[in-house]
Amino acid sequence: MKKIMTLFAFVSFLTFSSCTTTDDFEEDNDTISYVFEVSGVSFTANNDYSKSINNPSNYSSDVVLVYRWAGTESNGNRIWKLLPETYYAEDRTLDFTYTFQFSADYIDIFMDGYDLEGVNSSYRLNQLFRVVIVPASSSGTAKLANKEKEDYSDYNAVIEKYNIDDSNVKVLK
């Protein structure tokens with residue numbers, strides 16, 4: 001009986017240790033990535049130049065990317081700039097920065113700078129942001145350490161890489 005139990009334990013170990021996921025080193029096929037918009041964000045002294053929203057991600061390992069709408073191209077495509085996004089004064093000193101932080105519970109988008117009330121209202125009032133939530137690494141393993149760091153600066157490339165449908169984005173206010 002002891003030999004049978006040992007054999008059963010060994011076979012069970014082999015069975016469970018040989019399980020694989022659908023991950024490969026280029027694409028994460030078992031994580032759902034998504035995008036949503038936060039519209040009408042105004043940065044004022046009343047809100048401490050910040051906007052907090054609940055983090056809808058269910059996984060603490062997800063990465064939050066925030067893009068600000070910076071205008072529209074002549075062909076009608078929107079221009080999205082990845083945060084942090086820094087603007088400098090004419091004398092090349094820091095004027096202000098859009099940035100963000102996130103936790104498992106919230107995403108906080110804010111402006112940082114020296115004279116935020118003096119920043120042109122077109123940069124402070126009625127801003128539009130896109131929040132993209134993606135897996136922490138494209139492989140889900142530590143083997144990425146030898147690869148180059150992921151480049152998230154191109155919104156459209158991120159949407160394509162993670163196969164996100166952004167044709168009907170949910171809008172939060």
Count - residues of segment 31-43 that are within 15 Å of Thr99 (Cα to Cα) and surrounded by fewer than 16 Cβ atoms within 10 Å (Cβ to Cβ): 1
Selection within segment 79-100 - more than 15 Å from Val38 (Cα to Cα) and either surrounded by fewer than 12 Cβ atoms within 10 Å (Cβ to Cβ) or free of Cβ contacts under 8 Å to residues at least 24 places away in the same chain (or both): Ile79, Pro84, Glu85, Thr86, Tyr88, Ala89, Glu90, Asp91, Arg92, Thr93, Leu94, Thr97
Segment 127-154, residues that are touching a strand residue (DSSP E or B) at 6+ places or on another chain (Cβ under 9 Å), modelled with pLDDT under 95 and either aliphatic (A, V, I, L, M) or part of a helix (DSSP H, G or I) (or both): Ile133, Val134, Ala136
Filtered residues of segment 48-61 (kept if in contact with a Phe, Trp or Tyr (Cβ under 9 Å, 6 or more places away or on another chain) and not hydroxyl-bearing (Ser, Thr, Tyr)): Asp48, Lys51, Ile53, Asn54, Asn55, Pro56
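The values are calculated or read from the model by the stated rules, or taken from the named source; none is laboratory data. Here the structure is a predicted model, which is why all the values come from computation and not from measurement. When we count neighbours, we look across all protein chains shown, and the Cβ atoms used for this are built from the backbone with ideal geometry, even at glycine.
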